[in-house]
Ligand code: GLN
């Protein structure tokens, strides 16, 4: 049982008091967070007050008293919201995002705001002026990115679940590196109102937790239409928890794309763990079918055109006038904007703004942006065609396990290539869940990914729960 489900029971049966739990939680946070840098800020007083009130009177809501970490890109009213960027230093969220509002409505408590890559751009949580997040399993290693703080906080028991955003893998990759479960939701399943935009046709919010069931509890709270986000869809929200209870793999068809499995650069142990996973699901009665999806290898190229183009446009609003950082010395209006942006943005964000502006500029738009959109629609079609034949698609989450902090940070291309198995899911607007499926020789977790039809989160979580029961991964000790 995951810690979220367990805590619901323990609070419900009064086995543990709310205040008692939160006092112990903050003790842990004070010891572990200085080593991990998972939280940029914690809300200790708020939490203890809320916990005390719950001890007086509990309303028995679905997430009553459950501690949930929130990526520093999702608004919590009155709290700082930096997107891990100097340009938003001291900016306070004027209102809560719909997702945080819904979690609070259901009784959740936020222990703190989680570190991430600046504006969610990165795969290692090193692109942040506030220092990298360390992997709780091996502190010299990255926790993955961009939602590294959200993943590390769950893994190190500094909360029992957290929220991240996934534009190209930022939930699934850190979930894989930290040995937990992370769900990227279908485009339109979860409201993005109050969430800082990176690439608007790709961004989605989703949960991190110990297992699929714990993710289901979070989904039950945050999913569904929101009138404040025009891209959120009015499609009924299934009972995620019930779907998991009846989960099994018998008769399920799982597709494995040849293009992903013949890809060079996948760490040997990741390939082996994937094969072990495939053999295990077959033993459970699932059938496995090879698929050919010839446009998948273009995913990285397409993603880094579309995502940077949208980022360049979204980030134009940070001009030193309306939000956050404003340069002190400037000669005129243009200079004010230039200085504020030069001082406020970090180097990866600047690289993306330049790439995106280039891709959108006159004379290049058709060659890059239009072409990328064309290939994107082909990738989407290949997925949707595949789901006429299979229930899910399986592949590794990331070609490698957690690497050392500093190892790839000066090689942007090597960093981008880590996203090969995740970005196509975003380009096609699909849901995907990463679960731990094994370990490498150093004991670092290996993530496997199940991808499904749009709005099939109930089914992929159920399948993930059945896969978790295969016992391929045993979560071990942490270093902090
Ligand atoms: N690693 C990818 C990038 O740098 C994905 C980021 C994300 O999902 N937010 O763009």
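Some values worked out for this structure:
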item: Condition met for residue 186 (farther than 25 Å from residue 21 by Cβ and within 16 Å of the ligand (Cβ to nearest atom)); result: yes
item: Count of residues meeting criterion [away from the ligand (no atom under 16 Å from the Cβ) and surrounded by fewer than 24 Cβ atoms within 10 Å (Cβ to Cβ)] in the stretch 429-447; result: 7
item: Per-region count, the stretch 282-301, residues surrounded by 22 or more Cβ atoms within 10 Å (Cβ to Cβ) and within 16 Å of the ligand (Cβ to nearest atom); result: 1
item: Subset of the stretch 234-281 (residues that are within 30 Å of residue 98 (Cα to Cα) and surrounded by 15 or more Cβ atoms within 10 Å (Cβ to Cβ)); result: 237, 238, 240, 241, 243, 244, 247
item: Selection count, the stretch 6-42, where residues are in contact with a helix residue (DSSP H, G or I) (Cβ under 6 Å, 6 or more places away or on another chain) and assigned to a helix (DSSP H, G or I); result: 5
item: Unmet requirement for residue 393, which otherwise passes all of (1) surrounded by 17 or more Cβ atoms within 10 Å (Cβ to Cβ); (2) away from the ligand (no atom under 14 Å from the Cβ); (3) in a helix (DSSP H, G or I); result: (3)
item: Top-ranked residue of the stretch 58-90 - restricted to ones that are over 23 Å from the mean Cα position of the chain (by Cα) and at pLDDT below 95, ranked as nearest to residue 19 (Cα to Cα); result: 58
item: Unique match (being within 17 Å of the chain's Cα centre (by Cα) and either at pLDDT 95 or above or closer than 19 Å to residue 135 by Cβ (or both)) among 444, 427; result: 427
item: Selection within the stretch 82-107 - part of a loop (DSSP other than H, G, I, E, B) and buried (at least 24 other Cβ atoms within 10 Å of the Cβ); result: 82, 83, 84, 85, 97
item: Residue 26 being at pLDDT 95 or above and under 30 Å from residue 124 (Cβ atoms); result: yes
item: The listed residue being over 26 Å from residue 156 (Cβ atoms) and buried (at least 24 other Cβ atoms within 10 Å of the Cβ), out of 453, 426; result: 426
item: Among (1) surrounded by 24 or more Cβ atoms within 10 Å (Cβ to Cβ); (2) free of Cβ contacts under 8 Å to residues at least 40 places away in the same chain; (3) outside any loop (DSSP other than H, G, I, E, B), the one test that residue 76 misses; result: (3)
item: Top-ranked residue in the stretch 108-125 [being part of a loop (DSSP other than H, G, I, E, B) and more than 16 Å from the ligand (Cβ to nearest atom); ranked as farthest from residue 40 (Cα to Cα)]; result: 108
item: Checklist (1) out of contact with any helix residue (DSSP H, G or I) (no Cβ under 6 Å at 6 or more places or on another chain); (2) touching a residue at least 60 places away in the same chain (Cβ under 8 Å) applied to residue 447, failing item; result: (1)
item: Residue match in the stretch 142-154 (condition: surrounded by fewer than 24 Cβ atoms within 10 Å (Cβ to Cβ) and more than 16 Å from the ligand (Cβ to nearest atom)); result: no
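Let's see how each residue does on (1) closer than 22 Å to residue 389 by Cα; (2) under 23 Å from the mean Cα position of the chain (by Cα):
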| residue | (1), (2) |
| --- | --- |
| 228 | no, yes |
| 233 | no, yes |
| 245 | no, no |
| 252 | yes, no |
| 258 | yes, no |
| 268 | no, no |
| 274 | yes, yes |
| 277 | yes, yes |
| 285 | yes, no |
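The values are calculated or read from the model by the stated rules, or taken from the named source; none is laboratory data. Just so it is clear, the model here is predicted, and its values are computed rather than measured. Methodologically, a virtual Cβ is constructed for each residue, glycine included, from the backbone with ideal geometry; neighbour enumeration extends over all protein chains shown.
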